[in-house]
Amino acid sequence: MDEKIDILLSRYFSGEASGQELRSLDKWLSESAENEAYFEKMTTIFQHAALTKPMPKPDTEKALSTFKNYIEKEKNLPEKTWIQKLIPYFSIAASIALIAGISLFFFKKSDNQTYITANETVLQQTLFNGVNVSLKTGSKIKYNPENKRKITLIKGEATFEVNDSQDENLLVRVGKTFVEDIGTVFTVIAHNPEESITVEVSEGEILFYTKNNSGIHIRQSEKGIYHVQKDYFEHITLLSGIKAIEFDATPLPEIIHILSKQYGVKIRTNADSLNELQISVSFDPNETIEDILSIISETLSIRIIKEQDDSFVFSY
């Protein structure tokens, strides 16, 4: 990581950063997920360094003076050596950082962006009137308190409960996609937002889309999956109250009919002899159609091909 960034982070945690430096840090954070991950790592180091032993009330002026003198002395060393030597001094700056209000779950940065992270446990919080959120461990969101109806899920899994009496719909951004609620309870899952983003609706209705794709409406007991590389939205109806989809020596044409109706997709075979095949198997009703068809094809030792129009074809 750039030595200038480490110096900037040191000034930020020590409470010495100027307005221009805070704007530079904000710009650097927005450039990549890697930068945000590095920021989180350094934040945790500062916090844990302070928690390793009881901290007396710090002499702020002395701490800052010591810290600045050390930086001036060591900043010309190679980056790795500089960081390694800086770590023992983290406890000094950490006490100042903790006074500034940084915690294991919640912290703010410049330009009115509020970050909330669930590091070690599930975190439930009221963001503002009419909007509650539950973050699973390892999840992170951000929002601007001056624009209370727009939230960004940076990573992880977040469940939003929205009061439908609000005049303006809540808009959740995750990766390239937007989730717009229409008075509802829904969960957004984005453990790897570069590959896929999932939305599950428990109550109400949401619109799931991107800037260039009108997307899909998802209603209660349904979910949608956005496949990022293909720019494709998959719409799945969840079967509540049913433990499994079961086939017992069921002919392939009947299986195709049931799955086509349930998942709203086109499935066919490209050879009449395939229609004579039978299979006994059961599936979780919430599995994706891709997973189900893959299992069927492997069990019957045949191929499954997805066409450009998103239909599926069984073949030898």
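No lab work stands behind these numbers, since they all come straight from the coordinates. Model, not experiment: these values are computed from the prediction. With ideal geometry, Cβ positions are generated from the backbone for all residues, glycine too; neighbour counts draw on all protein chains shown.
Dipole check for segment 166-316: with +1 at the C-beta of Lys and Arg, -1 at the C-beta of Asp and Glu, and the Cα centre as origin, the magnitude is about 240 Debye.
Computed from label points 7 Å out along Cα-Cβ, the spacing between residue 280 and residue 114 is 5.8 nm. Dipole size of segment 245-315 about its Cα centre, with +1 on Lys/Arg Cβ and -1 on Asp/Glu Cβ: approximately 200 debye, rounded to the nearest 20.
Modelled spin labels at residue 230 and residue 132, positioned 7 Å past Cα toward Cβ, are 3.7 nm from each other.
The string of couplings for segment 253-266 from the Karplus curve (6.51, -1.76, 1.60, θ = phi - 60°) is x, 5, 4, 4, 4, 5, 5, 4, 6, 5, 9, x, 10, 9 Hz, one whole number per residue in order, with x for Gly and Pro. For segment 165-236, the list of trypsin sites (Lys or Arg not before Pro) that fall in a loop by DSSP and count at most 16 other C-beta atoms within 10 angstrom reads 176, 211, 230.
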